[in-house]
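Working notes, structure below.
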Ligand code: ACO
């Protein structure tokens, strides 16, 4: 499997740390030093559906692929505008194709899950080209009165098209039990439902998340490299889930490699959950940082506790 194109879309509203300090007991210095984040984009007048469609159209244009050659659309979003139909069906209608569509929820690890399913579809010869879009709006489930969590996140959508060819991609996924990240949901008005209302905002044990993330990422990366018979030197770039700059730095240090191999953009996107790696990849693509044949490793981690890594080739040839 190989990646032949990328696309992205961010909300137009940029929210700086100073903007947050106008209604929260926080400040730019605290947020920068603990998380590396300076600003993030937050949905205001657009919807996540519009953002996802925009990212997909951008990706199709970038991949220079005929829409009718897309065999499957995989959409990852933790929440979206509707319970049904799936977000991927709105993308399907907007881009004008008749291929199957599927929505997934693997929390911040969702991009790796989508790649795993795309890889299986390609290997089973059910698809040659799969459009993946990760579209996330954590701004809708963080509590904007809680400085511990809301300052960390941003909204956005990142898309890729993966195709048959390249080399045999290696993907590893793992789930460990934890209560470190949780967000409840309440649905409907069933007169028979005797459950208590759940808190509909993100709950996070920050230090536990930190530990689980740094412990999982290196193991996941080592696992896919070993399966491929490759070493760190064979990899051009390691793209880590942009969760928090301190997590990224900690993981990076365990490898003892040059910083250039670990690009990041969390400074001005915040944590965009599953969209963070495709957004970063698109930025590198548009900045012409990638060359045909580059070997990429993605590593993500999130609620569950889910984690995973993917080793994949960049480029059409
Ligand atoms: N502004 C100012 N002060 C704050 C803020 C804020 N935004 N948030 C928390 N504080 C305060 C706390 O209230 C606490 O005050 P207290 O000592 O008076 O009680 C103080 O800062 C220290 O709080 P800690 O939680 O100990 O801060 P810490 O240095 O551990 O950093 C952080 C918190 C950044 C969340 C850290 O736990 C961390 O890096 N966790 C990783 C979690 C993460 O990044 N998750 C990303 C999302 S999950 C994912 O994508 C997988």
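Throughout, read-outs are computed from the coordinates displayed, never taken from laboratory work. Since this is a predicted model, take the numbers as computed values, not measurements. A quick note on method: Cβ atoms are made from the backbone with ideal geometry, for glycine too, and the neighbour counts reach across all protein chains shown.
Structural remarks
- Considering helices alone, the calculated mean residue ellipticity of the chain at 222 nm is -10000 deg cm²/dmol, with DSSP H runs of length four and up weighted by -39500 (n - 2.57) and normalised per residue.
- Stretch gain in nm, segment residue 45-residue 250, where the contour uses 0.36 nm per residue and the Cα spacing is subtracted: 70.2 nm
- Under the criterion of Cα pairs below 8 Å and six or more residues apart, the relative contact order for the stretch 121-219 equals 26 percent.
- Spacing of the modelled spin labels on residue 211 and residue 128, each 7 Å from Cα toward Cβ, amounts to 5.0 nm.
- Radius ratio Rg over Rh of the chain, counting only Cα atoms, Kirkwood formula for Rh: 0.95
- Per-pair calculated FRET efficiency, R0 = 22 Å: residue 168 and residue 232 via Cβ, rounded to 0.05: 0.70
- Counting only DSSP beta bridges whose two residues both lie in the chain, roughly 70 percent are antiparallel.
- Value of relative contact order over the stretch 170-314, rounded to a whole percent, pairs C-alpha under 8 Å and six or more apart: 36 percent
- FRET efficiency, residue 83 to residue 219 (Cβ-Cβ, R0 45 Å, nearest 0.05): 0.80
- Estimated Rh, the stretch 170-314: Kirkwood, alpha-carbon pairs, angstrom: 16.6 Å
- Here the label points at residue 93 and residue 175, each 7 Å from Cα along the C-beta direction, are separated by 3.1 nm in the simple model.
- Shape call, the stretch 90-139: gyration tensor on alpha carbons, a/c limit 1.5: oblate
- Convex hull per residue volume in Å³, alpha carbons only, for the stretch 239-302: 88 Å³
- Over the chain, relative contact order from alpha-carbon pairs under 8 Å, at least 6 apart, %: 27 percent
- The alpha carbons of the stretch 2-163 stretch over 54, 27, 27 Å along the principal axes, in descending order.
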